[in-house]
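Here the structure comes first, spelled out in structure tokens, and everything after it is commentary.
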Amino acid sequence: MATRFTGGCICGGVRYECAADPIAAGNCHCRDCQRASGSAYAAALLVPGSAVSIAGEVRYYNVTGDSGSIVQRGFCPTCGARLFGKPAAATGVLSIMAGSLDDSSWYRPQADIYTASAQPWDHMNSDLPKFLKLPPS
């Protein structure tokens, strides 16, 4: 994939650009991500926060994730689209929701995490590694 990628919210009020390759990519099946995404999981990329420039107002909502740590969920205050996550346990890292990418065709998850919470109706890719919680560092 190209090092530079872009994305934004539904209404266009928030736009972002990332100038680094993702550190990791995965599908999180924790209950918090299910509720936040309204689906079986949240597909996300982890990137260095310093490599992302954001234009527009982003609001953050703090939640206690399944890990027990605070996670800030970033969204557009106009259209409500979820865009970012800032996990307190990983300072300097920003998660970007794969569905917010301008071109999401290159997204390739590397693992399914928090599969202990996965919904029985979600048919996960059997080729991906599965972790009941977070994978080992």
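Every number in this text was worked out from the coordinates using simple rules, so none of it is lab data. These numbers were taken from a predicted model, which means no experiment stands behind them. Cβ coordinates were reconstructed from backbone atoms using ideal geometry, including for glycine residues, and neighbour counts include every protein chain displayed.
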Value at 222 nm in deg cm²/dmol, rounded to 500, when DSSP H runs of n ≥ 4 in the chain each add -39,500 (n - 2.57): -1500 deg cm²/dmol
Region 5-117 - percent relative contact order, Cα under 8 Å, separation 6 or more: 33 percent
DSSP loop trypsin sites (Lys or Arg not before Pro) with at most 15 other Cβ within 10 Å excluded, longest remaining stretch of the chain: 5-132
Additional length obtainable on full extension of the chain from TRP106 to ARG31, 0.36 nm per residue less Cα span: 24.4 nm
Cβ-based net charge around MET124, under 14 Å, with every Lys or Arg adding one and every Asp or Glu removing one: -2
Convex hull volume of the chain per residue (C-alpha atoms, cubic angstrom): 107 Å³
